[in-house]
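Chemist: Shown below is the structure under consideration.
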Amino acid sequence: MLELTVDCLWPLVGFSEMKISDGVLVFLLFSLFAAMAASAMEVAAEDLGVSLAGTRQKHKHSGFSQAECPGACQFRCSKTAYKKPCLFFCQQCCYKCKCVPPGTYAHKEACPCYNNWKTKRGGPKCP
(Lines give C-alpha, C1' and ligand atoms only; values in the text may rest on other atoms or scores of the structure.)
Protein backbone atom coordinates (compact mmCIF):
# COMPACT_ATOMS: atom_id res chain seq x y z
CA MET A 1 0.00 0.00 0.00
CA LEU A 2 1.36 3.39 -1.02
CA GLU A 3 1.44 6.01 1.73
CA LEU A 4 2.50 9.62 1.44
CA THR A 5 3.61 11.56 4.48
CA VAL A 6 2.95 15.27 4.70
CA ASP A 7 4.66 17.10 7.59
CA CYS A 8 2.89 19.88 9.43
CA LEU A 9 0.25 20.79 6.84
CA TRP A 10 -2.34 21.52 9.47
CA PRO A 11 -0.57 22.90 12.55
CA LEU A 12 -3.80 24.38 13.90
CA VAL A 13 -5.42 20.96 14.02
CA GLY A 14 -2.46 19.49 15.85
CA PHE A 15 -1.34 16.92 13.28
CA SER A 16 2.39 16.66 13.00
CA GLU A 17 2.15 13.92 10.38
CA MET A 18 -0.68 13.04 8.01
CA LYS A 19 -0.88 9.84 5.95
CA ILE A 20 -2.88 9.65 2.73
CA SER A 21 -4.02 6.20 1.60
CA ASP A 22 -4.28 5.06 -2.02
CA GLY A 23 -8.04 5.58 -2.25
CA VAL A 24 -7.90 9.13 -0.91
CA LEU A 25 -5.00 9.98 -3.21
CA VAL A 26 -6.86 8.62 -6.26
CA PHE A 27 -10.00 10.54 -5.25
CA LEU A 28 -8.07 13.79 -4.84
CA LEU A 29 -6.29 13.36 -8.18
CA PHE A 30 -9.57 12.52 -9.92
CA SER A 31 -11.27 15.59 -8.38
CA LEU A 32 -8.39 17.81 -9.47
CA PHE A 33 -8.49 16.39 -13.00
CA ALA A 34 -12.29 16.89 -13.24
CA ALA A 35 -12.00 20.50 -12.09
CA MET A 36 -9.23 21.18 -14.62
CA ALA A 37 -11.24 19.57 -17.43
CA ALA A 38 -14.34 21.63 -16.60
CA SER A 39 -12.27 24.80 -16.53
CA ALA A 40 -10.65 23.93 -19.87
CA MET A 41 -14.10 23.35 -21.44
CA GLU A 42 -15.33 26.76 -20.29
CA VAL A 43 -12.21 28.48 -21.68
CA ALA A 44 -12.53 26.61 -25.00
CA ALA A 45 -16.21 27.51 -25.24
CA GLU A 46 -15.43 31.20 -24.59
CA ASP A 47 -12.78 31.12 -27.32
CA LEU A 48 -15.36 29.77 -29.77
CA GLY A 49 -17.99 32.26 -28.65
CA VAL A 50 -20.30 29.52 -27.38
CA SER A 51 -22.19 29.68 -24.11
CA LEU A 52 -22.30 26.38 -22.24
CA ALA A 53 -25.32 27.60 -20.26
CA GLY A 54 -27.24 27.89 -23.53
CA THR A 55 -26.37 24.36 -24.58
CA ARG A 56 -27.65 22.89 -21.33
CA GLN A 57 -31.01 24.58 -21.71
CA LYS A 58 -33.53 22.08 -23.01
CA HIS A 59 -36.01 24.43 -24.63
CA LYS A 60 -36.31 28.18 -25.11
CA HIS A 61 -39.88 29.41 -25.34
CA SER A 62 -39.97 33.07 -26.40
CA GLY A 63 -38.49 35.38 -29.00
CA PHE A 64 -38.77 32.96 -31.90
CA SER A 65 -38.24 33.94 -35.51
CA GLN A 66 -40.45 32.30 -38.13
CA ALA A 67 -37.60 29.92 -38.98
CA GLU A 68 -37.49 28.62 -35.39
CA CYS A 69 -41.23 27.95 -35.04
CA PRO A 70 -41.35 24.54 -36.79
CA GLY A 71 -38.65 23.12 -34.49
CA ALA A 72 -40.27 24.52 -31.35
CA CYS A 73 -43.66 23.14 -32.40
CA GLN A 74 -42.13 19.77 -33.28
CA PHE A 75 -40.97 19.54 -29.67
CA ARG A 76 -44.28 20.87 -28.28
CA CYS A 77 -46.33 18.33 -30.27
CA SER A 78 -43.91 15.41 -29.89
CA LYS A 79 -46.07 13.39 -27.47
CA THR A 80 -49.55 13.99 -28.88
CA ALA A 81 -51.56 11.45 -30.84
CA TYR A 82 -52.84 14.29 -33.08
CA LYS A 83 -49.57 15.49 -34.58
CA LYS A 84 -50.86 17.10 -37.77
CA PRO A 85 -53.45 19.46 -36.21
CA CYS A 86 -51.16 20.14 -33.26
CA LEU A 87 -48.31 21.20 -35.55
CA PHE A 88 -50.64 23.29 -37.74
CA PHE A 89 -52.13 25.30 -34.87
CA CYS A 90 -48.91 25.49 -32.90
CA GLN A 91 -47.12 27.02 -35.88
CA GLN A 92 -49.95 29.51 -36.45
CA CYS A 93 -49.70 30.55 -32.82
CA CYS A 94 -45.90 30.72 -32.92
CA TYR A 95 -45.90 32.91 -36.04
CA LYS A 96 -48.36 35.31 -34.39
CA CYS A 97 -47.07 35.25 -30.80
CA LYS A 98 -43.34 34.52 -31.39
CA CYS A 99 -43.62 32.18 -28.42
CA VAL A 100 -44.20 28.49 -27.66
CA PRO A 101 -44.63 27.29 -24.06
CA PRO A 102 -41.95 24.99 -22.66
CA GLY A 103 -42.65 21.28 -22.44
CA THR A 104 -45.03 19.07 -24.37
CA TYR A 105 -48.20 20.25 -22.63
CA ALA A 106 -49.46 22.89 -20.17
CA HIS A 107 -47.21 25.81 -19.07
CA LYS A 108 -49.20 28.19 -21.31
CA GLU A 109 -48.82 30.95 -18.71
CA ALA A 110 -45.26 31.39 -20.01
CA CYS A 111 -46.73 32.80 -23.27
CA PRO A 112 -49.68 35.13 -22.61
CA CYS A 113 -50.52 35.65 -26.31
CA TYR A 114 -50.42 31.88 -26.91
CA ASN A 115 -52.58 31.32 -23.83
CA ASN A 116 -55.18 34.02 -24.57
CA TRP A 117 -55.82 33.34 -28.28
CA LYS A 118 -59.22 31.59 -28.40
CA THR A 119 -61.37 29.92 -31.07
CA LYS A 120 -64.78 31.28 -32.08
CA ARG A 121 -66.34 28.96 -29.52
CA GLY A 122 -64.07 30.24 -26.74
CA GLY A 123 -61.76 27.23 -26.53
CA PRO A 124 -57.97 27.46 -26.68
CA LYS A 125 -56.62 28.03 -30.18
CA CYS A 126 -53.05 27.03 -29.37
CA PRO A 127 -52.02 23.53 -28.25
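The values are calculated or read from the model by the stated rules, or taken from the named source; none is laboratory data. Because the structure is predicted, anything quoted here is derived from the model rather than measured. Ligands, DNA and RNA are stripped out before the accessible areas are found, and what is left, the full protein with its side chains, is counted by its heavy atoms. Shrake-Rupley method; radii C 1.70, N 1.55, O 1.52, S 1.80 Å.
Chemist: Over segment 66-127, with every protein chain in place, what whole percent of the accessible area is carbon and sulfur at 1.4 Å, could you tell me?
Modeler: Ligands and nucleic acids excluded, carbon and sulfur give 59 percent.
Chemist: Taking only protein heavy atoms and a 1.4 Å probe, what accessible area per residue, in Å², does segment 81-127 have with all protein chains in place?
Modeler: Dividing the accessible area of segment 81-127 by its residue count gives 66 Å².
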